[in-house]
Amino acid sequence: MICGDLKGRKVLVTGASSGIGSAAAVLFSEQDCFIGVHYFRTPEGAKETFKQVKKNSDGILLYADVRDEKQVEEMVNQFAKEAGGIDILINNAGSLIDRQSFEKATLDYHENIYATNVRSIFLVTRAALPYLKKNKGNIVNIGSVAGHTGGASGSGMYSGAKAAVATETMSMAKEFAKYGIRVNSVLPGFIDTRFHERFSTARHRKEVAERTPLGRNGTAEDVAKAILFLASDAAGFITGEYIAVNGGSYMRA
Ligand code: NAI
């Protein structure tokens, strides 16, 4: 899949050490983009992504806990300095962290879910905005189908956080349109990544595939292609929108 207009763009991908972020980093490198491969706890995964990126183009490895204001600012400024600006920001880093019910969840868990999935996008976007303004860049936020449905058992607060991602995508799109910056989101359904290796059983993964209209679980590459479309000029008049990548498991008019 090649989008010629993306050649040479500077693309910062958060959470690129595995799953969707890694697939996006590699797909954008195939467009000859300069990639910021951001990671947090898994430098080995990031190095693997970086190796794939280097086969196609160039980039740098970047470390930050996306919940931390100072670390985020340093990471974003480092990328902009080494890349010579920022054209595309992919706010992918996020996590369910754990399955906890409203009845039993700790306050720490609640705060951590929102810090990991919502504060992170605020911090990274705010730090990247001066660079994106200069380049009339664009942003793709990764939400979740759970933000529409309320999610499965033990993912209620994660769902709330992902609903905030979807809503803030629209608010950012309105606010940044005056700078020529587009902001959209991709809402994955059930995607086979480390996420579900950790949070779902093999049996559950099979059951979800069987009840999904397209008959399988999604792949990280399925999601990366939707991100690529939204970031490309092919989506030049699209902002404040989302693409659901879920094999038809959740449809709405
Ligand atoms: P993953 O676990 O492979 O990737 C998550 C990435 O986020 C990792 O690279 C991790 O290091 C990073 N991350 C988490 N907390 C961080 C922190 N505090 N600071 C910096 N980085 C942090 O899982 P996957 O599936 O690739 O997830 C990517 C995004 O897609 C996440 O936002 C997730 O919520 C979302 N998503 C995934 C779905 C799935 O079925 N796999 C479904 C819906 C949404």
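Odds and ends about this structure:
- Stokes-Einstein diffusion for the chain, with the hydrodynamic radius set to the Kirkwood value over Cα pairs and evaluated at 20 °C in a medium of 1.002 mPa s, equals 119 µm²/s.
- Residue order for Thr42, Thr167, Thr212 - accessible surface, 1.4 angstrom probe, largest first: Thr167, Thr42, Thr212
- Cα centroid of segment 1-56 to Cα centroid of segment 116-157, whole Å: 18
- Of the GluC sites (Glu not before Pro) in segment 190-253, those whose Cβ has at most 11 other Cβ within 10 Å and which sit in DSSP loop: none
- With contacts taken as Cα pairs under 8 Å at a separation of at least 6 residues, segment 68-141 carries a relative contact order of 55 percent.
- Carbon and sulfur %, accessible surface of segment 4-245 computed with the full protein complex present, 1.4 Å: 52
- Residue-normalised accessible area of the chain, given per residue in Å² at a 1.4 Å probe: 47
- Cα-Cα over 26 Å, subset of Lys47/Lys70; Lys10/Lys206; Lys47/Lys206: Lys10/Lys206; Lys47/Lys206
- The dipole here belongs to the chain: it is taken about the Cα centre, uses +1 on the Cβ of Lys and Arg and -1 on the Cβ of Asp and Glu, and is about 220 debye.
- Total charge dipole magnitude, segment 8-93, about the Cα centre, Cβ charges on Lys, Arg, Asp, Glu only, Debye to nearest 20: 180
- Sequentially through segment 113-125, phi angles give Karplus couplings (6.51, -1.76, 1.60; θ = phi - 60°) of 4, 6, 5, 6, 9, 10, 4, 3, 5, 4, 5, 5, 5 Hz, Gly and Pro residues having no value and appearing as x.
- Length-normalised contact order of the chain in % [C-alpha pairs under 8 Å, at least 6 apart]: 19
- Compactness of segment 64-165 as Cα Rg over 2.2 N^0.38 Å, two decimals: 1.18
- The GluC sites (Glu not before Pro) of segment 79-121 meeting both criteria, a DSSP state outside H, G, I, E and B (loop) and at most 11 other C-beta atoms within 10 angstrom of the site's C-beta, are Glu103.
- Note on segment 73-115: Rg/Rh from C-alpha atoms, Kirkwood Rh, equals 1.24.
- Trypsin sites (Lys or Arg not before Pro) restricted to DSSP loop in segment 1-103 with at most 12 other C-beta within 10 Å: Lys7, Arg41
The values are calculated or read from the model by the stated rules, or taken from the named source; none is laboratory data. Treat the numbers as computed from the prediction; the structure is a model and nothing was measured. All Cβ positions, glycine included, derive from the backbone under ideal geometry; neighbour counts span all protein chains shown. For accessibility, only protein heavy atoms count, side chains too; no ligands or nucleic acids. Shrake-Rupley method; radii C 1.70, N 1.55, O 1.52, S 1.80 Å.
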